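Report on the following structure.
The values are calculated or read from the model by the stated rules, or taken from the named source; none is laboratory data. Please read these numbers as outputs of a predicted model, since none were measured by experiment. Cβ coordinates were reconstructed from backbone atoms using ideal geometry, including for glycine residues, and neighbour counts include every protein chain displayed. Surface areas here come from the heavy atoms of the whole protein model, side chains and all, with no ligands, DNA or RNA. Shrake-Rupley method; radii C 1.70, N 1.55, O 1.52, S 1.80 Å.
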Amino acid sequence: MDTTSFERRIAIGARWITILAVLGTSLGSFLMIFIGLQETYLAFRVQIEAAPGPLPPSHASAVHLIGALSRFVMAIVLLYFAFGIYLLFLRPDQPAEGLGVPRWLYVEGIGQLKQTLAEAILVVLFVLFLRIAVETFLAQGLDFDLKEMVTLLILPMAIFLLAAALKLAELDPKSKQR
């Protein structure tokens with residue numbers, strides 16, 4: 001028996017285990033969409049009921065909608081990852097057009113997938129910071145002491161450092177040609 005052929009069959013067969021990653025991230029995406037819809041519903045509910053709370057209804061609705069936005073962005077990131085893993089590992093020989101996948105969603109290599117995911121995670125972090133900043137400013141106004149200001153600035157500084165590291169790493173060198 002030829003061991004090379006046997007090893008090749010094992011390696012090719014093992015790629016099908018990635019179907020679990022595709023299913024898991026797809027389910028996670030659907031969950032994030034559901035949670036985003038719940039946040040949107042809460043925004044409407046808070047606005048319609050106008051119940052007294054720590055924030056005026058319009059501000060509380062805005063915070064809920066920003067939360068929904070972050071959930072929807074996360075859902076898109078998870079879907080992109082699921083498509084990328086599917087195309088890279090389960091259908092590497094099939095062209096994007098043959099699968100009905102739009103060209104912008106087609107992943108040509110693992111570097112491109114990592115680069116896009118890292119960029120999308122930065123967007124999720126930006127939205128998270130937006131929500132924290134809006135909640136803080138709406139609840140407290142501009143009355144900050146130095147400790148509160150530094151605490152509020154930690155997340156944008158971390159986002160900046162992550163963005164700089166991503167730029168230095170250049171996970172997908174072809175991104176300059178697109």
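Among the residues of region 84-107, which ones are open to solvent by 40 Å² or more (accessible area, probe 1.4 Å) and without any contact (Cβ under 8 Å) to a residue 12 or more places away in the chain? Result: Arg91, Pro92, Asp93, Gln94, Pro95, Glu97, Gly98, Gly100, Pro102, Arg103, Trp104. Summed over region 33-62, the residues that are open to solvent by less than 40 Å² (accessible area, probe 1.4 Å) and within 23 Å of Ile121 (Cβ to Cβ) give a count of 3. Quick check on region 94-114. Is at least one of its residues at pLDDT 80 or above, out of contact with any Gly (no Cβ under 8 Å at 6 or more places or on another chain), closer than 23 Å to His59 by Cβ and not basic (Lys, Arg)? No, that holds for no residue. Those helices (runs of 4 or more DSSP H) of region 1-103 in which 3 or more residues are β-branched (Val, Ile, Thr) occupy 3-14, 19-49, 57-85.
Going through (1) among the aliphatic types (A, V, I, L, M); (2) in contact with a Pro (Cβ under 6 Å, 6 or more places away or on another chain); (3) touching a residue at least 40 places away in the same chain (Cβ under 8 Å) one by one, Ala21 falls short only on (2).
If the condition is being polar (S, T, N, Q) and open to solvent by 50 Å² or more (accessible area, probe 1.4 Å), then region 120-163 contributes Gln140, Thr151.
In the set Phe89, Phe81, only one residue is modelled with pLDDT of 80 or more and under 15 Å from the mean Cα position of the chain (by Cα); that residue is Phe81.
Can you spot a residue in region 50-68 that is touching a Pro at 6+ places or on another chain (Cβ under 8 Å) and under 30 Å from Glu170 (Cβ atoms)? No - not one qualifying residue is present in region 50-68. Looking across region 63-77, the residues that are open to solvent by less than 40 Å² (accessible area, probe 1.4 Å) and more than 20 Å from Glu135 (Cα to Cα) come down to Ala75, Val77.
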